[in-house]
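Every number here is computed from the coordinates shown, using simple stated rules; none is lab data. The model shown is predicted, which means the values in this text are computed figures rather than measured ones. Positions of Cβ are generated from backbone atoms using ideal geometry, with glycine treated the same way; all protein chains shown enter the neighbour counts.
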Amino acid sequence: MTTPKTKTSTMELMLQIGKQAKDAARVMRNASDEQKSKALKKMAELLLESKQQIIEANKKDLQAAKEKKLEAPLIDRLTINENTINNMATGLCQIADMADPVGKRSETIIRPNGMMVAKMRVPIGVIGIIYESRPNVTIDAAALCIKSGNATILRGGSEAFHSNQALGEIILQGLRAAQLPEYAVQVVPTTDREAVGILVTMTDYVDVIVPRGGKGLIERLTNEASVPLIKHLDGNCHVFIDKDADIRKAHAIAINAKTYRYGICGTMETLLVHHEIAPAVLPDLCTDLVQKGVELRGCERTRNLVDHIQAAQETDWETEYLAPILAIRIVDSLDEALDHIAQYSSEHTESIVTENLNSALRFQKEVDSSSVYINLPTCFADGFEYGLGAEIGISTNRLHARGPVGLEGLTTEKWVLTGNGQLRGQ
């Protein structure tokens with residue numbers, strides 16, 4: 001398909017894609033698990049057979065990225081190699097083998113008149129997914145939407161255009177092999193930014209938008225969208241080391257929470273430490289973090305306890321660094337830690353390290369984030385780690401889906417009632 005050159009043609013393209021997705025969603029709603037799994041396994045097979053073609057397409061994107069002098073982390077996320085393709089294929093097979101959530105019923109309630117009342121899990125319909133950089137999202141998102149019986153419109157970043165188009169062809173062949181509608185997954189064939197603005201307002205055709213990208217993208221979509229969003233804006237995650245923490249456990253958890261990977265939304269950005277345990281924990285912990293290349297920014301009490309720490313500013317408490325930078329604050333109590341988290345958290349993921357069950361349970365109850373841990377690093381915020389398989393993203397929404405959004409998060413429920421001629425009022 002030729003890339004549109006004007007806003008008018010982009011509008012026409014997106015409306016056409018929307019209509020096709022809506023029609024495909026009706027078919028996908030009734031697709032069998034056998035069909036859906038067949039499509040995913042065929043996609044996995046084709047990925048492995050087409051490695052060279054995919055890598056060649058990716059080279060075009062990498063060359064353009066280097067010419068535009070994009071930053072190294074972005075180029076790293078953009079890169080597809082043989083291992084990347086192997087992982088995508090493995091993920092497809094794992095999703096194919098997962099239980100199909102569509103059609104599952106809740107416990108049936110029998111009313112006094114004999115009427116049976118239950119809920120049935122059903123696909124959402126048409127899901128628009130807007131993402132940046134990572135071409136593997138094209139495969140992950142398509143797989144989750146297919147398995148959950150939805151149609152999807154995928155709008156990847158312009159920097160991955162050639163890679164996404166190549167992967168889109170693999171998806172198309174997989175759908176055909178399973179006799180599923182070709183338009184069940186559509187990769188938007190234009191780099192025009194106007195396509196994003198149109199997609200998030202297509203309320204007649206799109207049921208929900210899932211954005212995956214940086215804060216700038218999420219803020220833009222939040223401001224422009226009239227289609228509901230499943231999103232999180234940022235991941236300002238906290239670990240609180242309580243006075244009753246096991247020191248060795250606290251040390252290992254803090255190191256892992258910060259240094260497992262700096263660029264993921266579950267990375268710890270602020271460490272809170274109870275003043276009673278701070279002298280025993282912070283000196284060795286800070287030494288190890290600095291040795292790993294982490295820049296430390298601390299409150300005055302932290303700086304009095306440990307040398308060579310920069311003074312933390314107010315903005316440090318509210319910043320998602322996505323970098324080897326960590327803010328540290330010493331607090332006087334669990335209450336003060338809870339207050340700090342309530343003020344600065346992005347409500348993504350928080351963790352307490354403690355051997356005090358009452359403190360742990362209170363933390364889990366009172367912290368209002370989508371994931372709240374006891375004695376675990378925040379970097380566990382991931383669908384695979386939760387046993388959900390691949391995820392479409394992480395949501396800090398309070399309605400519909402919250403936390404990692406896997407297969408079940410891409411479905412909704414409807415009431416299903418069964419009777420035998422009962423009449424109301426009799």
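A few comments on the model shown:
- Value of [θ]222 nm, deg cm²/dmol, for the chain, DSSP H segments ≥ 4, -39500 (n - 2.57) each, nearest 500: -13500 deg cm²/dmol
- Estimated translational diffusion coefficient (Stokes-Einstein, Kirkwood radius over Cα pairs, 4 °C, 1.567 mPa s) of segment 269-385: 87 µm² per second.
- Dmax and Rg, reported as Rg then Dmax, of segment 206-343 (C-alpha, Å): 16.8, 55
- DSSP-defined beta bridges in segment 237-380 - what % are antiparallel, rounded to 5: 0
- DSSP-defined antiparallel bridges as percent of all bridges, the chain, nearest 5: 25
- Positive-end extreme of charge dipole, segment 362-404 - chosen from Asn375, Ile394, Phe363 (charges on Cβ): Phe363
- In the distance distribution for segment 55-129, Cα-Cα pairs more than 15 Å apart total 75 percent.
- Calculated P(r) of the chain - Cα pairs past 29 Å, %: 52
- Calculated SAXS-style log₁₀ I(q)/I(0) at q = 0.08, 0.21 Å⁻¹ - segment 139-298, Debye, Cα scatterers: -0.41, -1.30
- Straight-line cross-link reach from Lys258 at under 17 Å between alpha-carbon atoms covers these lysines, not counting any fewer than eight positions away in the same chain: Lys249, Lys292.
- Each peptide in 275-284, 398-407 gets a packing score, the mean of other Cβ atoms within 10 Å over its residues, and the list from highest to lowest is 398-407, 275-284.
- Sorting the segments 138-149, 226-237 by their residues' average number of neighbouring beta-carbon atoms within 10 angstrom, most packed first, yields 138-149, 226-237.
- For Asn420 and Asn397, the difference between the fully extended length at 0.36 nm per residue and the C-alpha to C-alpha distance is 4.3 nm.
- In segment 16-70, one over the average inverse separation of all distinct C-alpha pairs is 14.3 Å, which is the Kirkwood hydrodynamic radius.
- Rounded to 0.05, the FRET efficiency of the Ile110 and Glu318 pair, given R0 = 60 Å and the Cβ-Cβ distance, is 0.70.
- Difference of contour (0.36 nm per residue) and Cα-Cα distance, Gln16 to Arg362: 119.4 nm
- Look at the alpha carbon pairs under 8 Å that are at least 6 residues apart: their mean separation over the length of the chain gives a relative contact order of 18 percent.
- Net charge, Gly128 excluded, C-beta distance under 9 Å - Lys, Arg +1, Asp, Glu -1: 0
- Neighbour-count order for Met98, Met115, fewest beta carbons within 10 angstrom listed first: Met115, Met98
- Nitroxide proxy distance, nm - points 7 Å out along Cα→Cβ at Val27 and Asn83: 3.9
- Greater than 28 Å apart at Cα, pairs in Lys19/Lys69; Lys104/Lys215; Lys36/Lys59; Lys36/Lys414; Lys42/Lys68: Lys19/Lys69; Lys104/Lys215; Lys36/Lys59; Lys42/Lys68
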